[in-house]
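Down below is the structure, laid out as structure tokens.
The values are calculated or read from the model by the stated rules, or taken from the named source; none is laboratory data. The model shown is predicted, which means the values in this text are computed figures rather than measured ones. No Cβ is skipped: glycine too gets one built from the backbone with ideal geometry, and neighbour counts run over all protein chains shown. Areas reflect the complete protein model, heavy atoms only, side chains present, ligands, DNA and RNA absent. Shrake-Rupley method; radii C 1.70, N 1.55, O 1.52, S 1.80 Å.
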Amino acid sequence: MPKPAVESVDHQGMPALRLRSGDGSSVLVTAYGAHVLSWRTADGRERLFLSDRAVFKPGTAIRGGIPVIFPQFGPHGPLPRHGFARVLDWVPAEGRAGDDHATNTWTLRDGPQTRAIWPHAFLAELTVSVSAGQLDVELSIENTGDDAFDFTGALHTYLQVHEVEHATIQGLAQRSYVDQTAGGAKRRQDADGLVVDAEVDRIYGDAPPQLTIVEPRNRTIVRTLGWPDVVVWNPWEAQTARITDMAPDGFRHMLCVEPAVATRPQTVRPGEIWVGRQTLVVANGPSR
């Protein structure tokens, strides 16, 4: 059995780290955006969707994986869509490996480029850890300035599914959501299971701490801590046709289930640290 390891690699011309756990599971993260591009479990299966048309160049967001959205979610504010964290270079720490896991942290601080459009002092840290059948991603935001600031954000997680119409998201029964495909209409989900068979773009407030994505031969458990909301997104056929960095059938193999701060901004006062964590756990086999 291989030892846990942290390895520096080049991916599409971008510096990256590959973390490998003791069972052979691995995760690939670029310094650009602290972007998780890949998570492979020990069986060799890729668990995250990365578009085969993704663009890897400075100033362009990478389509797929787990982009870090900060300090603005979506177009709802004065900043560029989804903020700036996903299109800036983060600084990796020295990787570390335990008996059964590998972990690393990336940091992003304010600078002239960020202060020109968002005049706040901050320290963002993304910590990624891979172990047998599990991926942990934690984002912390520290206010290093003298004035409070508000932010919205997310871990824009693209899960890989065999066929999106055969996947069911369980755990959202009786939850209210904002339907962004219907102009922000407020609705309520009655059924426990959500099957995506058309364009979906929903923000669920007061999200449950655990959801399960059930496929015929696979289950993925999504646990969150500190994130108040969850976003479910799939662009479906018509919207995908407008996305230049995704193949026409790409929507069939992806399902975004994103822990988020979206319905209400999060206030961080001077010296405070906000923390949000996401844990993905693979439970192979049919649902019981």
Worksheet item: Can residue 39 be described as in contact (Cβ under 8 Å) with a residue 24 or more places away in the chain, closer than 27 Å to residue 245 by Cβ and either touching a Cys at 6+ places or on another chain (Cβ under 6 Å) or crowded, with 23+ Cβ neighbours inside 10 Å (or both)?
Response: yes
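Regarding the stretch 68-86, can at least one residue be identified that is aliphatic (A, V, I, L, M), at pLDDT below 95, over 20 Å from residue 234 (Cα atoms) and out of contact with any Leu (no Cβ under 8 Å at 6 or more places or on another chain)?
no
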Discussion item. Given the options 264, 277, name the one that is part of a strand (DSSP E or B), open to solvent by 40 Å² or more (accessible area, probe 1.4 Å) and under 30 Å from residue 101 (Cα atoms).
Written reply: 277
Item to complete: Determine which member of the set 101, 162, 156, 120 is within 16 Å of residue 71 (Cα to Cα) and in contact (Cβ under 8 Å) with a residue 60 or more places away in the chain.
Response: 156
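Within the stretch 97-113, restricting attention to residues that are out of contact with any helix residue (DSSP H, G or I) (no Cβ under 8 Å at 6 or more places or on another chain) and in a strand (DSSP E or B), which residue is surrounded by the most Cβ atoms within 10 Å (Cβ to Cβ)?
Restricting to residues being out of contact with any helix residue (DSSP H, G or I) (no Cβ under 8 Å at 6 or more places or on another chain) and in a strand (DSSP E or B), the top hit is 102.
Does the stretch 15-33 contain at least one residue that is under 25 Å from residue 203 (Cα atoms) and either aromatic (Phe, Trp, Tyr) or buried (at least 18 other Cβ atoms within 10 Å of the Cβ) (or both)?
Yes, there is a match, as at least one residue in the stretch 15-33 is under 25 Å from residue 203 (Cα atoms) and either aromatic (Phe, Trp, Tyr) or buried (at least 18 other Cβ atoms within 10 Å of the Cβ) (or both).
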Item to complete: Working only within the stretch 114-134, note down all residues that are β-branched (Val, Ile, Thr) and open to solvent by less than 50 Å² (accessible area, probe 1.4 Å).
Response: 114, 127, 128, 130
Worksheet item: Identify, please: which residue in the stretch 135-155 is surrounded by fewer than 19 Cβ atoms within 10 Å (Cβ to Cβ) and among the polar types (S, T, N, Q) and is, among those, farthest from residue 255 (Cα to Cα)?
Response: 144
Worksheet item: Scanning for something open to solvent by 10 Å² or more (accessible area, probe 1.4 Å), closer than 19 Å to residue 92 by Cβ and of a type outside the set (S, T, N, Q), does the stretch 156-173 turn up at least one residue?
Response: no
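Search the stretch 178-195 for residues being farther than 14 Å from residue 214 by Cβ and open to solvent by less than 20 Å² (accessible area, probe 1.4 Å), and hand back the single one that is nearest to the chain's Cα centre (by Cα).
179
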Item to complete: Could you list, in sequence order, all residues of the stretch 46-76 that are in contact (Cβ under 8 Å) with a residue 60 or more places away in the chain, assigned to a loop (DSSP other than H, G, I, E, B) and open to solvent by 40 Å² or more (accessible area, probe 1.4 Å)?
Response: 52, 53, 55, 63, 76
Worksheet item: Of all residues in the stretch 247-259, how many are out of contact with any Pro (no Cβ under 8 Å at 6 or more places or on another chain) and surrounded by 15 or more Cβ atoms within 10 Å (Cβ to Cβ)?
Response: 9
